[in-house]
Amino acid sequence: MGFCCCCAAAGSAARKGSRRVAAIYTLIATAKLNDVDPQAWLADVLARLSDHPAMRVHELLPWNWHRQNVAAEAA
């Protein structure tokens, strides 16, 4: 017996939601592995993302973001 359209849509939504949660957990874990506060990093990256040049997006990655902020605090 097949699924009705509402059950299929609910399953699809659940899969999309689980992918989003997995992506967020991955971002948080990556920040933690690089000794970066995930909340501070995500807040800063989201605030800067719209004005940040695409060619320099690597600067926003946790391992580069941490070095930039440490250097800025030391200066």
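The values are calculated or read from the model by the stated rules, or taken from the named source; none is laboratory data. Because the structure is predicted, anything quoted here is derived from the model rather than measured. Positions of Cβ are generated from backbone atoms using ideal geometry, with glycine treated the same way; all protein chains shown enter the neighbour counts.
Observations, loosely collected:
- Where a residue in the stretch 8-30 is over 25 Å from Leu42 (Cα atoms) and its partner, wherever it lies, is at pLDDT below 95, with Cβ under 9 Å and at least six apart: Ala8/Gly2; Gly11/Phe3
- Residues satisfying the stated conditions in the stretch 41-75, i.e. over 23 Å from Ile24 (Cβ atoms), modelled with pLDDT under 90 and assigned to a helix (DSSP H, G or I): Arg67, Val70, Ala71, Ala72, Glu73, Ala74
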